Structures are given as C-alpha cells and as structure tokens.
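Have a look at the structure below, then the notes.
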C-alpha cells in the first residue's frame, strides 16, 4: 500500500478538489447549474487521475495519467474564466 500522507501531489489535488466542490455549491446557490456541473467534473478529475498515477502499470501509464490531470487543470481554468 502506498503512503499518501507525505505525497504533496495527492495532498494538493485533494485539497483542490474539496475547494472546487465548495465553490460549485456556491454556484448552485446562484443557480449556475450547468457551469457548476462542468467545473465539478473537470476540477475533481485532476485529483482522481493524479491518484491513479501513483500506482501505474508502466512509466507510460504514469505519464499519461499526469498529462490527463494537466489537461483537466487547463479545462478547469477555462471553465472558471466563464464566470
């Protein structure tokens, strides 16, 4: 089992996901449902893919998961700029 307590990537992406969830709840209160749903998906996907990258099948699998996380981060930034 991998110890994630000392893994800064996991710690930061989990905190980012929690911040995104909280922000999306505020958006939903303002009835911005569509953008909240899109932001929630891409924002929480960053941490999920980073987490998956910690136990890769190969070096290429690790690189692919990290690249997916980076793409989701870019999408999150784009979605947030629509607000």
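Just so you know, all these numbers are worked out from the coordinates, no wet-lab data involved. Computed from a predicted model, the values in this text were never measured in an experiment. Cβ atoms come from the backbone with ideal geometry, glycine included; neighbour counts cover every protein chain shown.
On inspection, residue 63 passes the criterion of being surrounded by fewer than 13 Cβ atoms within 10 Å (Cβ to Cβ) and either without any contact (Cβ under 8 Å) to a residue 40 or more places away in the chain or within 24 Å of residue 83 (Cβ to Cβ) (or both).
Filtering region 51-83 to residues that are more than 21 Å from residue 39 (Cβ to Cβ) and not in a helix (DSSP H, G or I) leaves 54, 55, 56, 57, 58.
All conditions in (1) loosely packed, with under 13 Cβ neighbours inside 10 Å; (2) more than 10 Å from the chain's Cα centre (by Cα) hold for residue 32, with the sole exception of (1).
Of the residues making up region 11-29, just one is within 14 Å of residue 69 (Cβ to Cβ), surrounded by 15 or more Cβ atoms within 10 Å (Cβ to Cβ) and out of contact with any helix residue (DSSP H, G or I) (no Cβ under 6 Å at 6 or more places or on another chain), namely 16.
Looking only at region 35-60, residues that are within 10 Å of the chain's Cα centre (by Cα), more than 24 Å from residue 6 (Cβ to Cβ) and without any contact (Cβ under 8 Å) to a residue 24 or more places away in the chain come to 2 in all.
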